[in-house]
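Everything below concerns the one structure shown next.
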Amino acid sequence: MSKESIQEVVQKSLEDYFNDLGEQKPTNIYDMMLLTVEKPILEVVMNRAEGNQSHAAQMLGINRNTLRKKLQEHGLL
């Protein structure tokens, strides 16, 4: 899947979300999206790295300590 395809899926999902809200006022969309996307990213990368946090952090382009914090936040440790 290309980067553009992922962007299109996210855009469509957000449009659907707004349509489903109707007249309700949306709040905390940024945090909601980060939490929704971050966990599956971490799961897939950790699987690809066969549980090796150093390799996963390198793949993600983040510090290993940051990865550990994110894994804990999402209940993946």
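Looking at the structure I just gave you, is Arg68 without any contact (Cβ under 8 Å) to a residue 24 or more places away in the chain and surrounded by 13 or more Cβ atoms within 10 Å (Cβ to Cβ)? For Arg68, the condition - without any contact (Cβ under 8 Å) to a residue 24 or more places away in the chain and surrounded by 13 or more Cβ atoms within 10 Å (Cβ to Cβ) - is met.
Is it the case, given these coordinates, that Glu23 is open to solvent by 100 Å² or more (accessible area, probe 1.4 Å), at pLDDT 95 or above, among the charged types (D, E, K, R) and over 15 Å from Lys70 (Cβ atoms)? No. Applying a threshold of 6 Å to beta carbon distances and a minimum spacing of six or more residues, or different chains, the list of pairs starting in segment 37-61 at a residue that is over 13 Å from Leu76 (Cβ atoms) and ending at one that is open to solvent by 70 Å² or more (accessible area, probe 1.4 Å) reads Ser54/Arg64; Ala57/Arg64.
Scanning segment 32-49 turns up at least one residue that is over 14 Å from the mean Cα position of the chain (by Cα) and loosely packed, with under 11 Cβ neighbours inside 10 Å.
Taken as a whole, the condition of being out of contact with any strand residue (DSSP E or B) (no Cβ under 8 Å at 6 or more places or on another chain) and under 20 Å from Gln7 (Cα atoms) does not apply to Met46.
The values are calculated or read from the model by the stated rules, or taken from the named source; none is laboratory data. In this text, all values refer to a predicted model and were calculated from it rather than measured experimentally. Virtual Cβ from ideal backbone geometry, glycine too; neighbours counted across all protein chains shown. Ligands, DNA and RNA are excluded from the accessible area calculation, which covers all protein heavy atoms including side chains. Shrake-Rupley method; radii C 1.70, N 1.55, O 1.52, S 1.80 Å.
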